[in-house]
1. Go over the candidates SER119, SER124 one by one and state the one that is within 18 Å of ALA8 (Cα to Cα) and open to solvent by less than 40 Å² (accessible area, probe 1.4 Å).
2. From the set of residues in the stretch 86-113 that are in a helix (DSSP H, G or I) and open to solvent by 80 Å² or more (accessible area, probe 1.4 Å), which is nearest to TYR137 (Cα to Cα)?
3. Filter the stretch 53-105 for residues that are among the polar types (S, T, N, Q) and within 22 Å of the chain's Cα centre (by Cα); which is modelled with the lowest pLDDT?
4. Taking the residues in the stretch 1-39 that are among the acidic types (Asp, Glu) and surrounded by fewer than 11 Cβ atoms within 10 Å (Cβ to Cβ) as candidates, determine which candidate is farthest from the chain's Cα centre (by Cα).
Amino acid sequence: MVKSPTEAEEILQEVFLKIWHHRESINPEKSFRSYLFKIAENKVFDFFRKAARDKEKTALLMEMGSSEYLPEHLLSRNENLLLLEKAIGSLSPQRQLVFRLCKLEDKSYKEVSALLNISVSTISDHIVKATRAIRSYFENNDEALPVLFVVACLAAR
């Protein structure tokens with residue numbers, strides 16, 4: 001349905017995690033097959049919803065980037081990247097490494113998992129927590145406020 005083996009693997013991993021996290025509440029009297037397909041269907045819908053949101057964010061950022069009304073402080077790419085580096089530097093070494101490999105070097109969760117010899121779900125956990133920590137860093141640091149859009153772009157990847 002998603003026409004990408006990598007995305008299909010990611011969705012499969014998410015389905016497995018969802019089942020694993022809710023394993024205690026699964027009713028053995030009901031059809032597990034139906035339960036499984038419903039979770040998979042919902043994850044695919046989530047994927048397409050996220051893709052649509054990402055497309056809207058990209059369009060908005062492109063519009064902002066081409067706007068003559070863009071505030072001067074948003075145009076300083078080097079300053080924004082330095083602030084992003086500070087935020088990434090506030091993460092634990094392992095989380096920094098996972099974040100850099102996945103978000104800055106565009107490696108898939110599976111590639112990073114094989115490279116670091118940790119599970120894909122651990123990679124996912126690191127990314128979620130790193131993104132949350134970076135977002136929090138920017139929200140709590142007035143000088144970093146202009147780079148919130150950078151974090152939004154990275155989180156959408």
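The values are calculated or read from the model by the stated rules, or taken from the named source; none is laboratory data. Note that this is a predicted model, so its numbers are computed, not measured. Cβ sites come from the backbone with ideal geometry, for glycine too, and all protein chains shown count toward neighbours. Surface areas here come from the heavy atoms of the whole protein model, side chains and all, with no ligands, DNA or RNA. Shrake-Rupley method; radii C 1.70, N 1.55, O 1.52, S 1.80 Å.
1. SER124
2. My answer is LYS86.
3. Among those that are among the polar types (S, T, N, Q) and within 22 Å of the chain's Cα centre (by Cα), it is ASN80.
4. Across the stretch 1-39, the extreme among qualifying residues is GLU29.
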